[in-house]
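What follows is a short report on a single structure.
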Ligand SMILES: C[S@@+](CC[C@H](N)C(=O)[O-])C[C@H]1O[C@@H](n2cnc3c(N)ncnc32)[C@H](O)[C@@H]1O
């Protein structure tokens, strides 16, 4: 009998195994964009046929790259606000706290109950870190985040696309009203990317449905929910500090991809927003 960790997850929740595996594959390489030994440990100890994801190697690398770009924004927030609160929405089995912990950040990881139950097999609440089992479409988690104290950074990596657009708007609205001045990092998937590329590469192994598509991250500003776009990047446009740390072959590859495949890369964007400032 296998002593590996069993996973029993809903359809959307199961998608967390893709970025987990993407980070582990990347972290195993001798020269990589990500240091992430815990992802490797988790992949080795979970009872799941990860090999069936190997044919989607571009998608796996994209997962590692987006994680690295988001980590860099989190480090930037912590440089300005070392004791701020970082909230990871739809955290899955992300290991971001381990990768960027500066010794003073307060951190809250949120996901649906079955995911948090699985997460608790690997991680425990501690001094500055805890997990909340909740849907981000509900309100109660916001009360707990407010109690943690600001400034706030909310991160959602490959999560909002699983919500209906109205739920995404409502989330921004509630965050602006309860956490004014918060930074919000999220990604946007164009309809073309979801319908053509992901349908071909990823949906052959998983049957999840992506609902919110967005071809232009400025659209969120136009919703009038109090969000201002501060930065937007595709995967070929990592921050300068990250680019300097990348293995040289990646640096060249990303620059070429950005120049030649810019439009295709633009279907997926990583975005940093700030929600309305508190009244002075
Ligand atoms: C593709 S996975 C990404 C996981 C993680 N962000 C990462 O990068 O490894 C999508 C995650 O969103 C979570 N999720 C989807 N809808 C959610 C909701 N309404 N509330 C909380 N989490 C949700 C899923 O359970 C899953 O963990």
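Restricting the search to helices (runs of 4 or more DSSP H) fully inside the stretch 31-120 and requiring at least 3 residues that are over 17 Å from the mean Cα position of the chain (by Cα) and within 11 Å of the ligand (Cβ to nearest atom) gives 113-119.
Does at least one position in the stretch 9-17 carry a residue that is more than 15 Å from the ligand (Cβ to nearest atom), modelled with pLDDT under 95 and surrounded by fewer than 20 Cβ atoms within 10 Å (Cβ to Cβ)? Taking every residue of the stretch 9-17 in turn, none turns out to be more than 15 Å from the ligand (Cβ to nearest atom), modelled with pLDDT under 95 and surrounded by fewer than 20 Cβ atoms within 10 Å (Cβ to Cβ).
Among the numbered conditions (1) buried (at least 19 other Cβ atoms within 10 Å of the Cβ); (2) within 12 Å of the ligand (Cβ to nearest atom); (3) over 17 Å from the mean Cα position of the chain (by Cα), the only one that residue 145 does not meet is (2). Out of 121, 158, 176, 182, one residue alone is modelled with pLDDT of 95 or more and surrounded by fewer than 20 Cβ atoms within 10 Å (Cβ to Cβ). It is 121.
Restricting attention to the stretch 45-78, the residues being over 26 Å from residue 250 (Cα atoms) and surrounded by fewer than 16 Cβ atoms within 10 Å (Cβ to Cβ) number 3.
Among the residues of the stretch 267-280 satisfying the criterion of being over 17 Å from the mean Cα position of the chain (by Cα) and surrounded by fewer than 20 Cβ atoms within 10 Å (Cβ to Cβ), which is modelled with the highest pLDDT?
Initially, the stretch 267-280 is screened for residues over 17 Å from the mean Cα position of the chain (by Cα), giving 275-280.
Subset that is surrounded by fewer than 20 Cβ atoms within 10 Å (Cβ to Cβ): 276-280.
Numbers: 276: 89, 277: 77, 278: 62, 279: 57, 280: 50.
Selected residue: 276.
Among residues of the stretch 121-132 being away from the ligand (no atom under 14 Å from the Cβ) and part of a strand (DSSP E or B), the one that is farthest from residue 68 (Cα to Cα) is 126. Look at the stretch 7-29: where a residue is farther than 18 Å from residue 187 by Cα and a partner is at pLDDT below 90 and within 10 Å of the ligand (Cβ to nearest atom), sitting 6+ places away or on another chain with Cβ atoms under 7 Å, you get 11/208; 14/206.
Every listed requirement among (1) surrounded by 12 or more Cβ atoms within 10 Å (Cβ to Cβ); (2) modelled with pLDDT under 95 is met by residue 2 save one, (1).
The values are calculated or read from the model by the stated rules, or taken from the named source; none is laboratory data. Here the structure is a predicted model, which is why all the values come from computation and not from measurement. Don't worry about glycine lacking a Cβ; one is built from the backbone with ideal geometry, like all the others, and counts go over all protein chains shown.
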